[in-house]
Amino acid sequence: YILKLYTKILHKSSSLSRIYPGWIKSTNTQLYYCFEIRKYLLFIMDLSSSSYKLSSGYTMPAIAYGTFRSQTEKVVVGVLDAIKAGYRHFDLAHIYGNEKDVGTAFKEAFDSGLVKREELFITGKLWNSDHDVEIVPQACAHSLNNLGLDYFDLYLIHFPVAWKHTGLESPGWGASELGNTPLIDTWRAMEKLADGEKCRSIGVSNYPLMLLHDLVTQAKIQPACNQIEVHPYYTRESLVKYCQSRGICVTAHTPLGGGAANKEAWNTACPMDDPVVQNIAASYSGKTPAQVILRWLLQRGVVALPKSVRTSRIQENINVFDFDLSKEEMSQISALEKYVSYKTNPNPIASFIGGPDCFSSEGTDIFD
């Protein structure tokens, strides 16, 4: 229906020349733009099934269970609790240091019949010290072996920075030294993974707008996803809308602004404590500030990756598909923008300390 509607608009509206500078009134051009619009619609959320259709053609659940900061002794229970609560999307990374424990949880879930592998959507990430072209497939295979899996549903470049390789068993962190591999070369190695059987979709994480655009203009296989920090205090409107205009799904790795963990570690303001969020939550029976923020993200078209090892919070974070925020409430939350990054997941600033590429007392901020 939507495609037919857009086709009528394309045929009848001469004003499209202002939207698409290259517009001409020819059937071939009209069909091209219809195809482009259809491509952009692929990643729009299906609220009835709580999922996204990626540009790669695969379906991604719109709420994921995040495993960053999950201590190894707790992550096994957390993953199993998440599966029991209905999570089917799991966000992992080699640098988190808990892949083998997560793999233990998956094996138990598979062996017990709790869930089948094909029912899960599993995301992995390539760490900064594994960017060398010949290391990329090795790093992917290493993570899959840790997890006891045959393939990733989505594999991401964790950060847009290459460090010198430090070994697959010891991903670089501390006295880190910049490497010499261009980002596009790393992406070409990722594309080869997508051409094989190890990665169904590939994407990036923590890419700012112009680096992402640079990749989009060069990629043979377009990134299916950009996982970024986004929450009410850091709304990333330009980046989010750019991604969506290019058919790139946005996933939020810090959907609650780092939550209590950031508040305790760095005394940062927590969006869940904001009076605006709390007042909106109070107007919905049984809904919490965290659920309101997650709902705000989903209605912006952003996949959310909340993290917790507490069973009650795990269950709470996925129970966000039975209410809708009003347009006014969405605007109120968006107006909380502070344009402040909490630099999490984990930002590599401090990892440069003690190395030759440390350029400040706090380390090196790769986003300067």
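The values are calculated or read from the model by the stated rules, or taken from the named source; none is laboratory data. Every value quoted in this text rests on a predicted model; they were computed, and no experiment measured them. Backbone-built Cβ (ideal geometry, glycine too); neighbour counts: all protein chains shown. Areas reflect the complete protein model, heavy atoms only, side chains present, ligands, DNA and RNA absent. Shrake-Rupley method; radii C 1.70, N 1.55, O 1.52, S 1.80 Å.
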For region 302-313, in order, what is each residue's ³J(HN,Hα) by Karplus, 6.51 cos²θ - 1.76 cosθ + 1.60 with θ = phi - 60°, in whole Hz (x at glycine and Pro)?
10, 6, 10, 10, x, 10, 5, 10, 8, 3, 5, 6
Could you work out how far the C-alpha centroid of region 118-155 sits from that of region 181-198, in angstrom?
12 Å
With θ set to phi - 60° and the Karplus curve 6.51 cos²θ - 1.76 cosθ + 1.60, what are the ³J(HN,Hα) couplings of region 180-196 in order, to the nearest whole Hz, using x for Gly and Pro?
10, 7, x, 4, 5, 5, 4, 5, 4, 5, 5, 4, 5, 5, 5, 6, x
Name the residues whose placed amide hydrogens come within less than 5 Å of the amide hydrogen of residue 225, ignoring near sequence neighbours (fewer than 5 apart) on the same chain.
204, 249
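Do the alpha carbons of any pairs in 287/307; 241/338; 164/198; 125/241; 107/198 sit beyond 21 Å of each other, and which pairs? Write out the running numbers ahead of the final one.
Values: 287/307 18 Å; 241/338 18 Å; 164/198 24 Å; 125/241 23 Å; 107/198 18 Å.
Where the Cα-Cα span goes over 21 Å, the pairs concerned are 164/198; 125/241.
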What order do 288, 104 take when sorted by accessible area (1.4 Å probe), most exposed first?
104, 288
Classify region 289-341 as rounded, prolate or oblate from the Cα gyration tensor: take a ≥ b ≥ c as the square roots of its eigenvalues, call it rounded if a/c is under 1.5, otherwise prolate when a/b beats b/c and oblate if not.
oblate
Quick one: accessible area per residue over region 292-358, 1.4 Å probe, rounded to a whole number of Å²?
44 Å²
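If packing is taken as the average count of other Cβ atoms within 10 Å, what order do 302-314, 111-123, 244-256 fall into, highest mean first?
Details: 302-314: 21.0, 111-123: 14.1, 244-256: 23.0.
The peptides rank, most packed first, as 244-256, 302-314, 111-123.
Quick check: net charge around residue 91, other residues with Cβ under 10 Å of its Cβ, Lys/Arg +1 and Asp/Glu -1? Can you show the working numbers first?
Working: positive: 125, 307; negative: none.
Result for the neighbourhood of residue 91: +2.
Could you order 58, 234 by accessible surface area, starting with the largest, using a probe radius of 1.4 Å?
Details: 58 90, 234 30 Å².
From most accessible down to least: 58, 234.
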Between residue 163 and residues 5 or more places away or on another chain, which pairs have amide H atoms under 5 Å apart, with H built 1.01 Å from N, and which residues are they?
129, 130, 131, 179
